[in-house]
1. Tell me, which helices (runs of 4 or more DSSP H) lie completely within segment 24-86 with 1 or more residues that are out of contact with any Pro (no Cβ under 7 Å at 6 or more places or on another chain) and among the aromatic types (Phe, Trp, Tyr)?
2. Going by what's in this entry, would THR94 be described as touching a Ser or Thr at 6+ places or on another chain (Cβ under 9 Å) and open to solvent by less than 30 Å² (accessible area, probe 1.4 Å)?
3. Out of SER79, SER63, SER59, SER99, I need the residue that is surrounded by 19 or more Cβ atoms within 10 Å (Cβ to Cβ) and over 16 Å from GLY46 (Cα atoms). Which one?
4. Answer yes if at least one residue in segment 143-150 is more than 13 Å from the chain's Cα centre (by Cα), loosely packed, with under 15 Cβ neighbours inside 10 Å, touching a residue at least 60 places away in the same chain (Cβ under 8 Å) and under 19 Å from TYR39 (Cβ atoms), and no otherwise.
5. Residue pairs, Cβ under 9 Å, 6 or more apart or interchain, first in segment 34-45 and in contact (Cβ under 8 Å) with a residue 24 or more places away in the chain, second open to solvent by 90 Å² or more (accessible area, probe 1.4 Å) and not in a loop (DSSP other than H, G, I, E, B). List them.
6. If a residue has to be open to solvent by less than 40 Å² (accessible area, probe 1.4 Å) and out of contact with any Gly (no Cβ under 6 Å at 6 or more places or on another chain) to count, how many in segment 107-130 make the cut?
7. Limited to segment 54-89, what total is found for residues that are hydrophobic (A, V, I, L, M, F, W, C), within 24 Å of LEU118 (Cα to Cα) and modelled with pLDDT of 90 or more?
8. Mind telling me which of the residues LEU115, LEU141 ends up being modelled with pLDDT under 95 and closer than 18 Å to VAL31 by Cα?
Amino acid sequence: MSDQLRDEASDTRFVEWSQDVSEDSYDVKFVNSHLAKRYKARTIVGLDVGGGIGTFAKSLIQSANEYNLLVKIIDPSASAKRNRVQSPNLEYFTTDFGSFSTVEKFDVIIFRTVLHHLIAASEKGTRDVQVGALEKARTLLNPGGLIVVTENFYES
């Protein structure tokens, strides 16, 4: 199988898998509870790294009763681009996090099942790439901002 076909198949599996996220998903509830405590009665801006079609971000937006949430989603997937969910509080960027450049700062940055995709030729190289992404995220945070990492998916 060519790399392009493998990538398209992986994108399709991700899009199908991510469509099941809802306001009742444990991670949506978890993130929402932490944001509600921190940002009660405010408008906050989030960045969803590798956010796919936007289902997670849209679920967060819909469940945000104590704050208003705007989310920018970064995802390089062509399949995600074709299948995006719509919401006035979502903005999409078809790029990878390493190439994403902005002067904007964020109140929350989300890495939901993304870090395991950031790999290099060695274990040390992989760790360096993943730590580099988290360090970049830290530079994009507003003071007191929150980085959320969910990594419960393993693909051998």
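1. Here the list reads 26-38, 55-63.
2. no
3. SER79
4. Scanning segment 143-150, I find at least one residue that is more than 13 Å from the chain's Cα centre (by Cα), loosely packed, with under 15 Cβ neighbours inside 10 Å, touching a residue at least 60 places away in the same chain (Cβ under 8 Å) and under 19 Å from TYR39 (Cβ atoms), so the answer is yes.
5. Hits for this filter: ILE44/ARG38.
6. Final tally of qualifying residues: 8.
7. The qualifying residues number 5.
8. Going through LEU115, LEU141 in turn, just one is modelled with pLDDT under 95 and closer than 18 Å to VAL31 by Cα: LEU115.
The values are calculated or read from the model by the stated rules, or taken from the named source; none is laboratory data. Only a predicted model underlies this, so the values are computations on that prediction, with no experimental measurement involved. Using ideal geometry, Cβ is built from the backbone for each residue, glycine included, and neighbour counts are taken over all protein chains shown. Note: accessible area is taken over every heavy atom of the protein model, side chains too, but ligands, DNA and RNA are not part of it. Shrake-Rupley method; radii C 1.70, N 1.55, O 1.52, S 1.80 Å.
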